[in-house]
Amino acid sequence: MKCKPEFASIFKCISAKVSKTKFTCDTATQITLKGILDSQPLYVKVEEGHAETCPYEYRNAPFYIDADTEVFASVLSGDKSFFDALASGDITINGDARQAVLFVNSLFGGAADGRKA
């Protein structure tokens, strides 16, 4: 699915990806899209194997993902690796590292060279 750097498209793409992912632990994260969208948040919450995505702020999440809108759209489209975007600083993660690693590895898989996030 080609994802456009627009909130509605990113929300649809992340929702589709989340619905197909088997997560290994309960967690929640807020993803804040920055750049052309002027910091619009959405969240993903995983509880008892059920994941939901909502277009709202999630207060007190164990970790937060901040992402450049255009880069995140290209990650969701499969044009760029989440891990390359993380390494370049276009995506940052703050908070509980253990939960973030489990979540990111579940949703985006390991890095291209076989490393895990």
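Laboratory data are not the source of any read-out in this text; all were calculated from the coordinates shown. Source: prediction; values computed, not measured. Cβ placement follows ideal geometry from the backbone for every residue including glycine, while neighbour counts extend to all protein chains displayed.
Among the lysines of the chain, pairs that are 8 or more positions apart or on different chains and have alpha carbons within less than 13 Å of each other number 6.
Along the axis of the charge dipole computed for segment 1-103 (Cβ charges of +1 for Lys and Arg, -1 for Asp and Glu, origin at the Cα centre), the listed residues Ala8, Ala28, Ala61 are led at the positive end by Ala8. Residues Asp96, Asp79, arranged from fewest to most other Cβ atoms within 10 angstrom of their Cβ, appear as Asp79, Asp96.
Helix content alone sets the calculated 222 nm mean residue ellipticity of the chain: runs of n ≥ 4 DSSP H residues at -39500 (n - 2.57) each, divided across all residues, give -10500 deg cm²/dmol. Going from the residue with the fewest nearby Cβ atoms within 10 Å to the one with the most, Leu76, Leu102 rank Leu102, Leu76. If the Kirkwood radius is taken over C-alpha pairs of segment 7-107, then at 4 °C and 1.567 mPa s the Stokes-Einstein diffusion coefficient equals 97 µm²/s. Using C-alpha pairs below 8 Å separated by at least 6 residues, the relative contact order for the chain is 27 percent.
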